[in-house]
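The values are calculated or read from the model by the stated rules, or taken from the named source; none is laboratory data. Just so you know, these numbers come straight off a predicted model, no measurement behind them. As a convention, Cβ positions derive from the backbone with ideal geometry for all residues, glycine included, and neighbour counts pool all protein chains shown.
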Amino acid sequence: MTFMPTNAQRSSGFALPSLLVVSVVMLSIAMVSLAAIMSIRASLENQYYGKMAIMAAESGINHAVYCLKENNYAAQWTTSSKLRPGTSCTGGNECDTGPNCFVVYDPTRHLRTTYEVDGPTASIATQELKIKGRVDLLRASSGRVWRSYERQKSAKLNKEVDIQKIGFGYTTQGAYFATISSDGITRSVGDNTFGQLGTGDVTPSALPREYKIPSGRAERIFTNFLSLGNNMFVLSDNGVLYGSGRNKYGQLGNGRGGISYDLETTPVKFGSIDGQKAILVATQGSSTFVVTDQYRMYSAGRCSAGMLGIGCSDTEGEHSTPAEVTGLPDEADPANWPVEMVTDSGTVYVRLAGGKVFGWGSNKYGQLIGGTVTSFAAYPKQLGTFGNPGEPTAEEIDFDGNTIYIRDSNGEVWATGRNHKGQMAQPVDTSGNLEMQNIRALTKIVLPVGEGKVVQVSTDQWYVVLRTEAGNVWSVGINGMGQLGAGTGTVYESTVQKFILPPGVKAEAIYSCSLGDYSPNSATYISNHYNNTFVVGDNGAVYGAGSNLFGQLGNGTVTEYEATPVRMNVFGLDPVTGKGIRAHDVRCGFGTTIIITQAPGSKVYTVGNNKNGQLGDGSTNNSSVPYANRYTNVFPTLFY
């Protein structure tokens, strides 16, 4: 017999499963709601603590700005010794306890905030800062960190005391020197063969004369050296760029050139760049490169070996109207903004904010990597993998006209190009095959163990100088005047040589200058007497090596050369009192040396060759002792 349930039995049998189903559904909804609530709470907490981390990072920015201003915009801390709450301006280790170790220390809420500031990266016009802010949540029972929130910030800081307020250049005819005073006027002295002083004539001057820009206050000066020092550019505070000097190839970008306009002795406006403002300039003697406030690059002038970067390859044609350089990454991405440019002898390089390096123009020595003697690049090409995902970023680029040096974020220096004087720290091929003296691949310059990272590079014709975080200086390449500072004068060195500093002194800045290396029997042997290396020590003193024929080492003597570095007169702190005149930076060339002292009260001192009146004292007499205030009545304050 088949069993059939009654209606009541059917009703009661349905009710229990229904309740179970409903309960499960309700529980699921509750769990989903709880998860949603927890997710919302986590999101809110992330936003809340994220904002606190950003505020902590902004405190780090303020700390860094204070330290930079206090030390004439020269950072005393490094990425390996970061700036943190409670540290001095030299940075130091992170501490764990006490309110002075943190931005916020709140034991009642069991949290604290802090920051870390990496060593700044210097571009042409700014100090670039990277800061990490962090919030730590602590366990009430043990005080240990159980959760952290981090945020990254970056900042660009305009330098109040800026080397770009000083212009120093030279040609094969002589040297010239210009400064911007607190009244916003540029004044210059020295050689004026091509009208580069912007005074309306080609008369050299031993006393300051005004560089006559039509409007605005002068903000920065841009010049170059040797046969490339034919022009001087001044950037006004409204972003308008003015140039003077040679214009045969239209390199002043004012729409005219040729023999009829070979010399422009009165400053002219660099042509239309779509209403944008100029922020960076590189002048190459026969061509000019400008980066605007929209981070687009323009060029004008001669396009030998494609160096304008616009696809041209003519050798004599004029491009007097600025054209945009094509082939660089999209400037809409801040990582692709140009932050540094170098150019010499037909090749141009640019370093982008994200750490990539692009170059174009001549590749005669393999300075663009690979290729042949006759190859060139008419458009920008990337050098190496710097800045690519997972790869080190380029932090500095330096070029001597034959060899490019790239310092990366690991503190290593890579080079490609000419090695005929061992300037890439590689053995020189002596077979007689000149092509074998070129190295057409990125090659690392290896330093002795224990030196740590390279933090600064300086190069000029056929040698390079490296400063390490250990405070030492190493050089390699030509050494005919003992400019490597290692104690001996040799034709060249293909292994790195240590620049001799007094015991206990660490290097804080370096600068090199060279016109190459010539045989003593050559009529151009005098060029060999322009080769020098200078080091600013942490005691504020200046140490120099190399030629001293014009007294450019500033130690009160005139000698053919000094292979063992000598200390320059005037500068340095007394070891007992701690007082004295502290040097900040050095520039040199053509047997002339310029020293900038630290703030407050920054001044410019000059010493050495005065053939064209570039020392600015009203005479053409050389000096072996540095002097300042040669034109006190004209320059009331150098910096403002």
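Take the residues in the range 572-592 that are without any contact (Cβ under 8 Å) to a residue 40 or more places away in the chain and not hydroxyl-bearing (S, T, Y), then tell me which one is surrounded by the fewest Cβ atoms within 10 Å (Cβ to Cβ).
Filtering the range 572-592 for residues that are without any contact (Cβ under 8 Å) to a residue 40 or more places away in the chain and not hydroxyl-bearing (S, T, Y), the one surrounded by the fewest Cβ atoms within 10 Å (Cβ to Cβ) comes out as V576.
From the list G359, G384, pick out the single residue that is modelled with pLDDT of 95 or more and surrounded by 23 or more Cβ atoms within 10 Å (Cβ to Cβ).
So the residue among G359, G384 that is modelled with pLDDT of 95 or more and surrounded by 23 or more Cβ atoms within 10 Å (Cβ to Cβ) is G359.
Within the set of pairs 6+ apart or on separate chains, which have a first residue in the range 257-285 that is on the phi < 0 side of the Ramachandran plot, a second that is modelled with pLDDT under 85 and aliphatic (A, V, I, L, M), and C-beta atoms under 8 Å apart?
I279/A125; L280/I124; L280/A125; T283/L228; Q284/L228
Is it true that G359 is over 23 Å from L241 (Cα atoms), in a loop (DSSP other than H, G, I, E, B) and outside the structural domain of Y249 (by TED's automatic domain parsing)?
Working: over 23 Å from L241 (Cα atoms): yes; in a loop (DSSP other than H, G, I, E, B): no; outside the structural domain of Y249 (by TED's automatic domain parsing): yes.
So G359 does not fit the description; no.
Picking from Q437, Q426, which residue would you name as being touching a strand residue (DSSP E or B) at 6+ places or on another chain (Cβ under 9 Å), closer than 17 Å to Q497 by Cβ and not charged (D, E, K, R)?
After applying the criteria, what remains is Q426.
Can you tell me which condition S260 does not meet? The list is (1) under 25 Å from D314 (Cβ atoms); (2) crowded, with 24+ Cβ neighbours inside 10 Å, and all the others hold.
(2)
Return yes when Y298 is among the aromatic types (F, W, Y), outside any loop (DSSP other than H, G, I, E, B) and out of contact with any helix residue (DSSP H, G or I) (no Cβ under 7 Å at 6 or more places or on another chain) and no when it is not.
Yes; evaluated as a whole, the condition is true for this residue.
Kindly evaluate S88 against the criterion of being modelled with pLDDT of 90 or more and over 30 Å from G591 (Cβ atoms).
no
Out of all the residues in the range 66-73, is one or more touching a strand residue (DSSP E or B) at 6+ places or on another chain (Cβ under 9 Å) and modelled with pLDDT of 70 or more?
Yes.
Output the residue which, of all residues in the range 274-314 that are surrounded by fewer than 24 Cβ atoms within 10 Å (Cβ to Cβ) and of a type in the set (D, E, K, R), is farthest from the chain's Cα centre (by Cα).
Among them, the one singled out is D314.
Let's see how each residue does on (1) within 21 Å of the chain's Cα centre (by Cα); (2) outside any helix (DSSP H, G or I); (3) on the phi > 0 side of the Ramachandran plot; (4) in the same structural domain as N230 (by TED's automatic domain parsing):
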| position | (1), (2), (3), (4) |
| --- | --- |
| M341 | yes, yes, no, no |
| G371 | no, yes, yes, no |
| N388 | yes, yes, no, no |
| D398 | yes, yes, no, no |
| W414 | yes, yes, no, no |
| M424 | yes, yes, no, no |
| P427 | no, yes, no, no |
| T430 | no, yes, no, no |
| E435 | no, no, no, no |
